[in-house]
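Encoded as structure tokens, the structure appears first; notes follow it.
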Amino acid sequence: MARRLPHYLRRRHRRADSLTEPDVTKQDFSLRYAGDRTGFLLIHGLGGTPTEMRLVARALHRAGRTVHCPQLAGHCAGEAELLATGWRDWSRSVVDELERMRGLCDTVIVGGLSMGAVLAMHVAAVRPDAVNGLALYAPTLWYDGWSIPRYAFLLKWLINTPAGRRYSFVEREPFGVKDLRTRSLIAAAITRGDSSEAGLLGTPSGALKQMWDLIAQTRREMPTIKCPALLVHAREDDIASLSNAFYIQRRLGGLARRCSFMRAKTISPASRTPSTSSGGSADSSTPSFSTTATIW
């Protein structure tokens, strides 16, 4: 599902000199920043948009990196368009963008948020020759955050029933954000109904089922992934607990560094950079992802 980050209302502030503006006629809202020969391919979450990764992308671009945030197939439109695609279509969107970046960069790190992080791992498994590293923000294998009701596990049993097929997961307050003012801005952006900016208000069960299939495939592939990985996860994440990051760190076949944050409720870019150590954690209410640019 999409992570609601507190920058949905900042679209008008894009810098034309470094960003390719979306072509509305083609409904392509991908973001691309030109930089050096080190590239970052950042993937948004299920039902989300490239906007989710914008502040991360800008932080990396300020460090001189080339950054691409592609729009996944079926996204930035309505539920019908999303349901017309599956996880293999979403993966193909990432691989196509990866091929584009390999023509521009000597080194490419693939990263993503929530389901986007799972896609990043899958692409690293199927294209090990093209992926030099992973940057995984709040990777989500299962929903066990504090805001998820205890009966949520029943959905997997009911999803093939008529009621289950009609189900749509609607994200509600607090949207993973503690600050009340920021939360109100996010709520306004979501309820305006512009899926190209804030993503879908609800994630249909058919898309959730596709995500589960992707997760099952990626879990089988994890031991084969040898490239270095950075995992960034909030200790109090409202959607997916830190157990997701622990599991991935144990299962990946290469070196994995984990950064966890005490007070952050979601992966929300900010200005300060905490110090971290390999396999350790950093406590901060305002984690920054400019750290990512220095690791490779």
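The values are calculated or read from the model by the stated rules, or taken from the named source; none is laboratory data. Note that the structure is predicted; figures quoted are calculated from it, not measured. FYI the Cβ positions are ideal-geometry reconstructions off the backbone, even for glycines, and counts take in every protein chain you see.
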*Within region 55-75, tally of residues that are touching a His at 6+ places or on another chain (Cβ under 6 Å) and without any contact (Cβ under 8 Å) to a residue 60 or more places away in the chain*: 1
*asked:* I'd like to know if region 130-148 contains one or more residues that are modelled with pLDDT of 95 or more, in a helix (DSSP H, G or I) and under 21 Å from Glu221 (Cα atoms).
replied: no
*For residues that are among the hydrophobic types (A, V, I, L, M, F, W, C) and within 17 Å of the chain's Cα centre (by Cα), tally how many sit in region 66-107.*
11
*Residues being among the aliphatic types (A, V, I, L, M) and farther than 12 Å from Pro223 by Cβ: count how many of those fall in region 246-255.*
1
